[in-house]
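One structure below.
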Amino acid sequence: MVSLPEVTTAVREDFDFPKIELHLHLDGAIRYETILELAKEKEIDLKGAQTVEELKNVVVTHEPASLAKVLEAFNIFLPVVTGDKEAIERIAYELCEDQYDNGVVYFEARYSPHFLCNTVPHHVANGNGVEEKLCPRGVVEAVKRGLDRGEKKFGVKARSILCCIRGFEDWNNEILELATSMKDYGVVGIDVAGCAHGADEQYEESVVRVFQEAARRGIHRTVHAGESGTAKEVCIAIDRMKAQRIGHGYRLIWDEAAYKKHAVEEQTHLEGCPYSSVMTGSVVLDWANHPITHWVKDGVNFSLSTDDPTCFDNCMLSELQLTKECIGLTTHQIWKCQLNAARACFLPDEDKKLLIEQVLNAEPKED
């Protein structure tokens, strides 16, 4: 079992600068207490789990596995919020509070509005006692309400990234149209991710076309690649899908020429999630030789995120401490990741400028 560092007062003091998280799945960041409460109300079985510890035993991964295996946990807990606009608003609001507790000042929450709605067929059970129909657009509206309440209460700014899902081609065009029409609802970009039934990064041509059209429309783009696939999938994401950022991207390093071109020379931003990278089997458990060690040495443009806290029982502070203790980055290097994130975020230019200044003004001394 791989253990995460404890978040102590000393850890909080060490990373006492504004933090920014770019790779965070809203539907993978639900509090255990909230899952249990909603499951009890709706009489949804969580494989017998009745307590937080029992639920963690069911959904949390602490042994290296595969991405598909990790994603199976979503089939267990996602039905508690599917089609429930109040529950979706709630988890968005609670995520702002959790981020505030970690010193995060800005984050981008990504999710599939189709997985969270109850008007389209998908593999997450819809039989959760919710009679009201909730369409994908209604999901985005509910998330917006939750994030707005969170920003007002905690001062944490948050935006939405809408995800296409591998294997669900029928949703792709609607994601593009939602991202086009709902910018006033905090939508700043699109993504494509895998699910337990399709975690191989072999994205359909329809997804490629959607991303190409998104680029023409000026919609920001990030793509899951180089996590369960190879360097080839990262190259496709950048060259064909016009990705501005890559979710994960660890296996790009397997192809020296492609790594040098896209990561070192072109400085394509890589959204690193250290603990997740090992738990999904994307990277072998060898912290001293983790791809991030090479990214630092080669001056690669990357940031640090948690990915799916519900699946890993992690948080931003534990992730940063892991990066320092196990991978060996200094506090200043970890601060630099926040600056990279600010510069790579999908906010409008004026808002991005203010965020960059906020991070620069909190630069710690060199270690």
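Let me make sure I get this right: for the chain, a, b and c are the square roots of the gyration tensor eigenvalues over alpha carbons, sorted descending. Under 1.5 in a/c it's rounded, otherwise prolate if a/b > b/c, else oblate. Which is it?
Rounded, since a/c falls under 1.5.
In whole Å, how far is the Cα centre of the stretch 186-255 from that of the stretch 133-179?
The two parts, judged by their Cα centres, are 18 Å apart.
Quick one: length gained pulling E97 to T180 fully straight, 0.36 nm per residue minus the C-alpha distance?
27.0 nm
For the stretch 111-220, what is the relative contact order in percent, using Cα pairs closer than 8 Å and at least 6 residues apart in sequence?
Relative contact order for the stretch 111-220 comes out at 24 percent.
Considering the dipole of the stretch 20-351 built from charges on the beta carbon (Lys and Arg +1, Asp and Glu -1) around the Cα centre, which of G167, V188, Q50 is farthest to its positive end?
V188
Filter the trypsin sites (Lys or Arg not before Pro) in the stretch 7-54 to those in DSSP coil with at most 16 other Cβ atoms within 10 Å of their Cβ, and list the result.
Counting only loop positions with at most 16 other Cβ atoms within 10 Å, the trypsin sites (Lys or Arg not before Pro) in the stretch 7-54 are K47.
What chymotrypsin sites (Phe, Trp or Tyr not before Pro) in the stretch 1-76 are in a loop by DSSP, with at most 11 other Cβ atoms within 10 Å of the Cβ?
In loop regions of the stretch 1-76 (DSSP not H, G, I, E or B), there are no sparsely surrounded chymotrypsin sites (Phe, Trp or Tyr not before Pro).
Where in the chain is the longest stretch that carries no GluC sites (Glu not before Pro) classed as loop by DSSP and with at most 16 other Cβ atoms within 10 Å?
Longest run free of exposed loop sites: 267-365.
Note the full-extension length gain between E169 and Q333 as 0.36 nm times their separation in residues minus their Cα-Cα distance, in nm to one decimal.
Full extension from E169 to Q333 adds 55.1 nm.
Cα-based Rg (one decimal) and Dmax (whole number) for the stretch 145-294, in Å?
Looking at the stretch 145-294, its Cα Rg and Dmax stand at 16.1, 47 Å.
Any idea what the dipole of the chain comes to, in debye rounded to 20, about its Cα centre with Lys/Arg Cβ at +1 and Asp/Glu Cβ at -1?
Charge dipole of the chain: 840 debye, to the nearest 20.
How high is the relative contact order of the stretch 20-351, in percent, with contacts defined as C-alpha pairs under 8 Å that are six or more residues apart?
It rounds to 20 percent for the stretch 20-351.
Is any residue of the stretch 88-118 close enough, with backbone N under 18 Å, to a label point placed 7 angstrom from the Cα of E37 along the Cα-Cβ axis, and if so, which?
Hits in the stretch 88-118 for E37 at 18 Å: 88-101.
Please identify the trypsin sites (Lys or Arg not before Pro) of the stretch 309-367 that satisfy two criteria: DSSP loop assignment and at most 13 other Cβ atoms within 10 Å. Which are they?
K365
What does the C-alpha gyration tensor say about the overall shape of the stretch 26-116? Classify as rounded when a/c is under 1.5, otherwise prolate if a/b is larger than b/c, or oblate.
The shape class here is rounded.
Which one, L176, L134, G218, is farthest towards the positive end of the dipole of the stretch 117-236 when Lys and Arg carry +1 and Asp and Glu -1 on their Cβ?
G218
Label the stretch 259-332 by shape, choosing from rounded, prolate and oblate, from the square roots a ≥ b ≥ c of the eigenvalues of the Cα gyration tensor; if a/c is under 1.5 it is rounded, and otherwise prolate applies when a/b is larger than b/c, oblate when it is not.
Prolate shape, in that a/c is at least 1.5 and a/b is the bigger ratio.
Each value in this text was obtained by applying a stated rule to the coordinates, not by laboratory testing. These numbers were taken from a predicted model, which means no experiment stands behind them. Glycine also receives a Cβ, built like all others from the backbone with ideal geometry; neighbour counts cover every protein chain displayed.
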